[in-house]
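Notes follow once the structure below has been shown.
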Amino acid sequence: MFSLISDFVSGLRNMFRIPELRNKVIFTALMLTVYRLGSYVPLPGVNTEAVGKLFEQLGKSGPGMAKLFQMVNMFAGGAVQRCTIFALGIMPYISASIIFQLLTTVYQPLKKLSQEGEAGRKKINQYTRYFTVGLSIFQAMFITKWLASSQSFISEPILPNNFFNYFLAVLALTTGTTFLMWLGEQITEKGIGNGISLIIMIGIVAGMIPAIYSGLQDFVPVMVPEGDGGVGIASIIGMVALYVAIVASIVLITLGHRRITVQQAKQTRGRKQWGGQRTYMPIRVNHAGVIPIIFAASLMTFPGMILPSLKQWAAASTVWFIDSMMDYAGYAMQGTQFVYLFLYVMLIIFFCYFWTSITFQPAEVAERMKEYGSFLPGVRPGRRTADTLEKIMERITLAGSVFLATIAICPMMLSATLGMDQYASYFYGGTGLLIVVGVALDLVQKVENQMLMRHYEGFMKGRGRVKGRGPRPR
């Protein structure tokens, strides 16, 4: 243990000995500090005390609104609850990127543009930025109108009901998201790591300390009888061990991949033979990343949002069983019930296959292998190769989807069995922990690559190093 700590400290010391890497790390840290400072700047004209009361009432209003608020607030680093200029966070840009990635596979002009190399990708990125600004304006208008009309929850006004305050709030929220998008691009270009991913990760990590404190307050009294301090220490150790086990499993699956043997055909030129080498095609076990959980969690918030209105309609109905059905639906769609968990797991598995089918095209991979004179041993090039890759991908996706579903329901199971606070339990699994672990692994890998290029040891001397998650086959 002490040897590992010593190697890590030595790696940090070597990292700051390289001038170029040191400047990149310092620049990244400064930009992330600017982001955290901006997440405490409130919107102009907003009553922050009234906002705190509003979100307190919102958490009690229903599971759908509470889950939606917790998820959005987690990605924004708590800026939503504080109603700051970064309340929208970087999520409009993420949404725009996902939309354009989907359009690239189904819309032929964008698909051709993506095949034009670096120039085409720059053009698509430019369209993504424009769409991000438009999406930010739309979301900012919705949030501003919602804040101004939320006096029904509390007695105090949140935002003065006039056009000038509306315009100023929309402008501040849109500018905040645009600034974060620019900040992320600057980190990617001049710093270390992917800037957008780092901004999301820092926002999630910033909420971990209060969440852990809240979790300890709720967890220890449930598991520890009064006056028995030894059991309390054991309970805390159990929480830490469970967290380490979950993180270790995420690291294992994130870095795990299936290596498919690829044989290169031999070519004879004169008296010499070329090719004939055997290589491997890495296919990630968790090919879809966190996208399926985001899609599934977004869809599962809608029943909790519309059920209160349906219950009011059912109460006024003369048919007796409609009211009973609405009551059962409201009970079944609570986060700890079997029906909710079953639907959530099924949606995650479905979106895993859906996203994988979009981002991984076996026919294109097989055609590219055929053009370069490569083939799978024992499999004919062309259609047979595509069918083989598709079967392999289906099996791997099943394993990855089951893992994602298990990680996604961990917070709900902990909240139900241990009585842990819901917000605290979200850091024991789900999207937040997957993003933090994945981005941290990618960051460490890039830092180690920079160090090894300059003949320095990485963070794990003589014990291997963090291996890349492998390129995604296209």
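A compact table of results
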| quantity | calculated |
| --- | --- |
| Members of the range 290-300 found to be surrounded by fewer than 21 Cβ atoms within 10 Å (Cβ to Cβ) and among the small types (Gly, Ala, Ser), listed by number | Ala297, Ser298 |
| Unique residue being modelled with pLDDT of 85 or more and open to solvent by less than 10 Å² (accessible area, probe 1.4 Å) when the list is Ala248, Ala211, Ala169 | Ala169 |
| Matching residues in the range 112-140 - criterion: being open to solvent by less than 40 Å² (accessible area, probe 1.4 Å) and touching a residue at least 12 places away in the same chain (Cβ under 8 Å) | Ile124, Thr128, Thr132, Leu135, Ser136, Ala140 |
| Qualifying helices (runs of 4 or more DSSP H) (wholly inside the range 310-425; at least 2 residues being surrounded by 17 or more Cβ atoms within 10 Å (Cβ to Cβ) and either modelled with pLDDT under 80 or in contact with a strand residue (DSSP E or B) (Cβ under 6 Å, 6 or more places away or on another chain) (or both)) | 320-332, 383-418, 422-425 |
| Pair list, Cβ under 6 Å, 6 or more apart: the range 263-283 residue hydrophobic (A, V, I, L, M, F, W, C), other residue modelled with pLDDT under 75 | Ala265/Gly275; Trp274/Gln267 |
| Residue check, Ile85 at pLDDT 85 or above, farther than 30 Å from Gln361 by Cα, of a type outside the set (Ser, Thr, Tyr) and in contact with a helix residue (DSSP H, G or I) (Cβ under 6 Å, 6 or more places away or on another chain) | yes |
| Test: residue in the range 428-437 that is more than 30 Å from Lys266 (Cα to Cα), modelled with pLDDT under 85 and open to solvent by 40 Å² or more (accessible area, probe 1.4 Å) | no |
| Residue among Ile192, Ile143, Ile199 that is at pLDDT 80 or above, in a loop (DSSP other than H, G, I, E, B) and either touching a Cys at 6+ places or on another chain (Cβ under 6 Å) or hydrophobic (A, V, I, L, M, F, W, C) (or both) | Ile192 |
| Hits in the range 251-283 - residues which are touching a Pro at 6+ places or on another chain (Cβ under 9 Å) and at pLDDT 85 or above | His257, Arg258, Arg259, Ile260, Thr261, Val262, Met281, Pro282, Ile283 |
| Residue list for the range 146-160, restricted to those being modelled with pLDDT under 75, more than 30 Å from the chain's Cα centre (by Cα) and either open to solvent by 60 Å² or more (accessible area, probe 1.4 Å) or of a type outside the set (A, V, I, L, M, F, W, C) (or both) | Ser149, Gln151, Ser152, Phe153, Ser155, Glu156, Pro157 |
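The values are calculated or read from the model by the stated rules, or taken from the named source; none is laboratory data. All of these numbers come straight from a predicted model, not from anything done at the bench. So basically every Cβ, Gly included, is an ideal-geometry build from the backbone, and we count neighbours across all protein chains shown. Side chains are part of the model used for accessible areas, which takes the heavy atoms of the whole protein and leaves out ligands, DNA and RNA. Shrake-Rupley method; radii C 1.70, N 1.55, O 1.52, S 1.80 Å.
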